[in-house]
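Trainee: My questions all concern the structure below.
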Amino acid sequence: MIREQLRVTTPGGAYDVLIGPALLDELAELLAARGIQGRLWLVSDPQVARLYGAGVLAALQRAGRSAALYQVPMGEHSKDPAVAAQLYDWLLDGGIERRDAILALGGGVIGDLAGFVAATVLRGVALVQLPTNLQAMVDSAIGGKTGINHRRGKNLIGAFHQPRLVLADTVTLATLPARERNAGWAEVVKHGVIRDAGLFAWLERLDGAMVPDEPARSALLRRAVAVKVDVVNIDERETGERMLLNYGHTLGHAIEAEAGYGALLHGEAVAIGMHLEAQIAERLGICAASDVARQHALLHRLGLATGVPAGMRAAALLDRTLRDKKVQAGRIRWALPHAIGSAAIHADVPESLVQAVVTAACGS
Ligand SMILES: NC(=O)c1ccc[n+]([C@@H]2O[C@H](COP(=O)([O-])OP(=O)(O)OC[C@H]3O[C@@H](n4cnc5c(N)ncnc54)[C@H](O)[C@@H]3O)[C@@H](O)[C@H]2O)c1
């Protein structure tokens, strides 16, 4: 049942984002309606494959589609050139053709990895994003950024490759472990802070960290997805507006890497990053202390910690931020809040100010 439908329109492709309960049951028809005719190559991880993989495969096969499933190990370590190479082997040995489609069933790791492989195998085949967690539904499955990691940093190898369809089946959220669910809230909060004060206020009214029931669930997701869709429609290639989506990510990525990939969930690191970056905005005098406090309170209500993990050193974090992709001519371009619901890019933040905030948070 499609409850919500949004449209992405970029130079790289136009496609629907569909949100609703039990949408995976309708996958075969929805693909056919979009002219996706060839074989279907599903990529997932063992947890998601166990819960939904067999059901999706069976439904596709019942509808007469030729479909196969490949599982990569769970977690960030799968965004790796060696894992991408395994996928190329599976696809090319299996005889993938240009008219086929790769279906990414899972969270952001699967979406980024399978998306990158779809962008590059045979110089690009159709990609369908089937996000199964909160983070992927509201953020990573939309907008066409795909990629894998390099030992020098996250997402350093990648491509823009817009999907042909994004289908968010909200039933899948029911099986999310609490920690994953909470981590997913981080990106939803981010969307509220950067562009939608009403969404932020809605989150403040939620019953703890619980995802609401339908139809509120799909409506809330639509509201969060709309922020991403609007930003991507304005700026597909991240030259301006789209950089706002990096709010919390400059320091968040540094913290995630410094902890060692897998120790912190992506959203957990982003929550800490947002708290630090909001404090940078406060010290710059562009954001009120009361807004920083509101964000802090909401993150905690949603089960997200905001303290830098013990033992992390400010110098190490600052060093990592300078290696971020967003650095231009040695300057970090910070996405910083001005108030709940509004943010802007700042390329002129004094290093000493960032250092002061991070040092205070690390205690050294
Ligand atoms: N491309 C983009 O624009 C973009 C944006 C934001 C984040 N990202 C990337 O996304 C990745 C993080 O994604 P993530 O936080 O989704 O992590 P993830 O993909 O590792 O998923 C987290 C866990 O959730 C489990 N899971 C997913 N759906 C489930 C379900 N319905 N039931 C039970 N378990 C389920 C998975 O098995 C996995 O263990 C990072 O690599 C980040 O760089 C990309």
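The values are calculated or read from the model by the stated rules, or taken from the named source; none is laboratory data. As the structure is a prediction and not an experimental result, all values here were calculated from the model. Positions of Cβ are backbone-derived with ideal geometry, glycine not excepted, and every protein chain shown enters the neighbour counts. In case anyone asks, the SASA skips ligands and DNA or RNA and just uses the protein heavy atoms, side chains included. Shrake-Rupley method; radii C 1.70, N 1.55, O 1.52, S 1.80 Å.
Trainee: Taking a virtual spin label 7 Å from the Cα of ILE345 along the C-beta vector, which residues in segment 240-260 bring their backbone nitrogen under 13 Å of it?
Mentor: Only 240-247 fall inside the zone, counting backbone N under 13 Å.
Trainee: Continuing with the same structure: Report, for the chain, the % of DSSP beta bridges that are antiparallel, rounded to 5.
Mentor: Beta bridges within the chain, antiparallel portion: roughly 45 percent.
Trainee: OK, next. So with the 1.4 Å probe, I'd like the accessible area per residue for segment 178-362, rounded to whole Å².
Mentor: Per residue, segment 178-362 has an accessible area of 38 Å².
Trainee: Compute the FRET efficiency between ALA219 and LEU51 as 1/(1 + (r/R0)^6), taking r as their Cβ-Cβ distance and R0 = 25 Å, and round to the nearest 0.05.
Mentor: 0.55
Trainee: Please work out the FRET efficiency for the pair ALA59 and TYR261, using the Cβ-Cβ distance as r and a Förster radius of 45 Å; give the result to the nearest 0.05.
Mentor: 0.85
Trainee: Before anything else, pin down the relative contact order of segment 4-175: Cα pairs under 8 Å, at least 6 apart, normalised by residue count, whole percent.
Mentor: 26
Trainee: Same structure again: Residues with beta-carbon under 13 Å from that of VAL117, excluding VAL117: net charge, scoring Lys, Arg +1 and Asp, Glu -1?
Mentor: -2
Trainee: What do you reckon, how do PHE200, PHE160, PHE116 stack up by accessible area (1.4 Å probe), largest on top?
Mentor: Result of the area sort, largest leading: PHE160, PHE116, PHE200.
Trainee: What does the helix-only formula give at 222 nm for the chain: each DSSP H stretch with n ≥ 4 adding -39500 (n - 2.57), the total divided by the residues, and the result rounded to the nearest 500 deg cm²/dmol?
Mentor: -13000 deg cm²/dmol
Trainee: Given 0.36 nm per residue, what is the gain on full extension from GLU97 to GLU29 after removing their alpha carbon distance, in nm?
Mentor: Taking 0.36 nm per residue and subtracting the Cα distance, the gain is 22.4 nm.
Trainee: Quick check: pseudo-label points 7 Å beyond the Cα along Cα→Cβ at SER352 and GLN86, how many nm apart are they?
Mentor: According to this spin-label approximation, the distance is 5.1 nm.
Trainee: Would you mind computing, in nm to one decimal, how far apart the modelled labels at LEU206 and VAL171 are, each placed 7 Å from Cα along Cα→Cβ?
Mentor: Inter-label distance under the simple model: 2.2 nm.
Trainee: Normalising by the residue count of segment 178-362, find the relative contact order in percent from Cα pairs under 8 Å and 6+ residues apart.
Mentor: 29
Trainee: Still on this structure, please answer the following. Mind jotting down the distance between the C-alpha centroids of segment 118-189 and segment 220-237, whole Å?
Mentor: If you average the Cα positions of each part, the centres end up 14 Å apart.
Trainee: Additional query: In percent, how large is the relative contact order of the chain, given Cα pairs closer than 8 Å and 6 or more residues apart?
Mentor: That works out to 16 percent.
Trainee: Within the chain, what whole-number % of the accessible surface is contributed by carbon and sulfur, with the 1.4 Å probe and all protein chains included in the calculation?
Mentor: 51
Trainee: Can you tell me the orientation of helix 216-234 relative to the chain, as the angle in degrees between its alpha-carbon axis and the longest Cα principal axis, to the nearest 10?
Mentor: 80
Trainee: Hey, another quick one. Roughly how many Å² is the accessible area per residue of segment 4-175, as a whole number, for a 1.4 Å probe?
Mentor: On a per-residue basis, 38 Å².
Trainee: How tilted is helix 81-93 with respect to the longest principal axis of the chain? Cα atoms for both, answer in degrees (0 to 90, nearest 10).
Mentor: Here the helix axis deviates by roughly 10 degrees.
Trainee: Report, in cubic angstrom per residue, the convex hull volume of the C-alpha atoms of the chain.
Mentor: 119
Trainee: Sum up the lysine pairs in the chain that clear both bars: alpha-carbon distance under 16 Å and a spacing of 8 or more or different chains.
Mentor: Lysine pairs, 8 or more places apart or on different chains, close enough: 9.
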